[in-house]
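Written below as structure tokens is the structure these notes are about.
Please treat every number below as a calculation from the coordinates, not as lab data. Note that the structure is a prediction, hence the values are computed from the model and not measured. All Cβ positions, glycine included, derive from the backbone under ideal geometry; neighbour counts span all protein chains shown.
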Amino acid sequence: MYFNGIIVGACTFLIIGLFHPIVIKTEYYFGVRCWWVFLLLGLAAMVCSLLCANTTIATILGVFSFSSFWSIKELFEQRERVRKGWFPVNPKRKDDTNK
């Protein structure tokens, strides 16, 4: 039997599940000013995926890469959710979210 599909599916589920709270916490503590960290993580994972000979690991790295890119969009959308009052504002952070 080949377990590659199950492994990739489970890892995709975990990666997406982990990025959701990471985006929420990142916006809470740092705002959107650190979007570039997700960009660099995504680019690094993409390069590693291109250089990896193992198909399963390369696929998982690709999922991680594009989840990082998607997190940039989600970070800015999280800021809007905070502005709408759907998520708490960090009172210690001084930026445009606290207005």
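The charge dipole of the chain, taken about its Cα centre with unit charges on the Cβ atoms of Lys, Arg (+1), Asp and Glu (-1) only, comes to about 480 debye. Fully extending the segment from Cys34 to Trp86, taken as 0.36 nm per residue of separation minus the present Cα-Cα distance, adds 16.6 nm. Please say if the range 1-76 is rounded, prolate or oblate, where rounded means a/c under 1.5 for a ≥ b ≥ c the square roots of the C-alpha gyration tensor eigenvalues, and otherwise the choice is prolate for a/b larger than b/c and oblate otherwise? Taking the square roots of the gyration eigenvalues as a ≥ b ≥ c, the range 1-76 is oblate. Computed over the Cα atoms of the range 44-99, pair by distinct pair, the Kirkwood hydrodynamic radius stands at 13.4 angstrom. Normalising the average separation of contacting C-alpha pairs (under 8 angstrom, six or more residues apart) by the number of residues puts the relative contact order of the chain at 34 percent. Give, as ranges by residue number, the residues of the range 1-41 whose backbone N falls under 17 Å from the point 7 Å along Cα→Cβ of Asn54. Zone members listed by number: 2-12, 15.
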